[in-house]
Structures are given as C-alpha cells and as structure tokens.
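Contents: one structure, followed by commentary.
Each reported figure results from applying straightforward, stated rules to the coordinates on display, with no laboratory input. What you see is a predicted model, and the numbers here were worked out from it, not measured in a lab. In this analysis, Cβ positions are derived from the backbone assuming ideal geometry, glycine residues included, and neighbour counts consider all displayed protein chains.
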Amino acid sequence: MFVRTAGERDLETIRALLAETWHATYDAIYGVEGVTAISEHWHSVTWLKQLLRQPRSEFIVADTGAELAGVAHAVMKEDELVEVTELDVRPSMQGRGVGGLLLAELEDSFPECRLMRLEVEEKNQRARDFYRANGFVEFGRRPATQWVDAMIVSMEKRLG
Ligand SMILES: CC(C)(COP(=O)(O)OP(=O)(O)OC[C@H]1O[C@@H](n2cnc3c(N)ncnc32)[C@H](O)[C@@H]1OP(=O)(O)O)[C@@H](O)C(=O)NCCC(=O)NCCS
C-alpha cells in the first residue's frame, strides 16, 4: 500500500469509490436517494477536477498497486488552519490502517499549519471514534443546512 497524489486519470475510480463508500456509510442516515443526490454533484468528475486544481490543497489516494483503497483531500483555509474535506476508505478496505495512513499524510503535507479541522455527521459514530483515536476533539455542532434531523459535529486537532 502506498499513498500518492491523485491525478486526472484517477478521477473516475475516485468517483466510484466515493459513491460506494457514501452509500455504505450514509444510506441509513440520509436515505439512498439523498446519498445519490449528494454523490451526483459532490463526487462528480467535474467537481473532483476542481478539487485537484484547488490552490493550497492536497488530494491523495491510497493505492494497493491493483486498486485504490481510499482517498483524502484537505485545503489550507487560513495561515495556520487546514481543513479535511474528504476522507473515505472503500468499505472492503476499512479497519486495516488505510484511513490512519491517509490522515497522517495530510497532517505531514501542511507543516506550516498548527490546527487541523473537519466536520463529521453526528450519527457516523465509526468516523467520530476514528478521529478521536487519532487525536481530534469535538468543539462544536450545527444543524446540516439541507438535511432535516441531521447534525454536523466539528472536530479539531493541534498539529506539530
Ligand atoms: C472513518 C474511516 C475514514 C476510517 O478509516 P479506516 O481505514 O477504516 O481506519 P483505520 O483502519 O486506519 O483505523 C480504524 C481501526 O483499524 C485499526 N487498525 C489500524 N491499523 C491497522 C492495521 N494495520 N491492521 C488492522 N487494523 C488496524 C485501528 O486501530 C482502528 O481500530 P479501532 O477503531 O478499534 O481503534 C473509514 O472507516 C471510512 O472511510 N468510513 C466511511 C466514510 C467516512 O465516514 N468518512 C469520514 C467522513 S468525515
């Protein structure tokens, strides 16, 4: 398993990986149609291409050599603040250290940053536990704007 920068030729595979992982994770929370609607926009190759070109960002994949196991994206928001916008491991590859590998690589990619932040769906207990085990603490929560009954938890970790 190795972690490398994502390229344009990965985008179709990443699109499929994100759709698969989001359905496995969020269908029970948002419903199949809700997740499909999210995926059609936020996981489209057109949108992923924009992420790839975003200044002050890192877009990385975990590659087994045979397939992509996971994907992650983070962007510098302010001088010392970096925000993780995606971290997804294919369901069949979860629980083997891939998420930890991707997160560590993101942390190392922004040596000038002192703080890493992210948002996670309140009902996504597995992800919240994963982030807590990796040094993140919860510091706030807000209702998700477009989803009834959904809450988003904010988490952060001091770097360096
Ligand atoms: C949350 C998520 C990113 C975590 O990634 P992951 O690859 O499953 O996480 P890891 O394998 O690195 O760590 C999880 C567990 O595996 C264990 N682990 C770590 N390295 C391991 C290894 N080499 N072999 C076996 N297990 C290992 C960890 O100790 C941890 O166990 P614990 O939770 O009992 O402490 C992943 O589950 C995921 O993509 N979920 C769906 C999408 C999602 O929720 N994304 C986050 C949205 S904000």
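Quick notes
- Checking every one of the trypsin sites (Lys or Arg not before Pro) in segment 23-75 against DSSP loop status and a limit of 14 other Cβ atoms within 10 Å picks out Arg56.
- Size estimate for segment 2-117 follows the Kirkwood approach: the inverse of mean 1/r over distinct Cα pairs works out to 14.5 Å.
- The length gained on full extension between Glu138 and Ala66, counted as 0.36 nm times the residue separation minus their Cα-Cα distance, comes to 22.3 nm.
- Mean residue ellipticity (222 nm) of the chain, computed from DSSP H runs ≥ 4 via -39,500 (n - 2.57), nearest 500: -12000 deg cm²/dmol
- Average Cα contact separation per residue, segment 2-117, under 8 Å, 6 or more apart, as relative contact order %: 26
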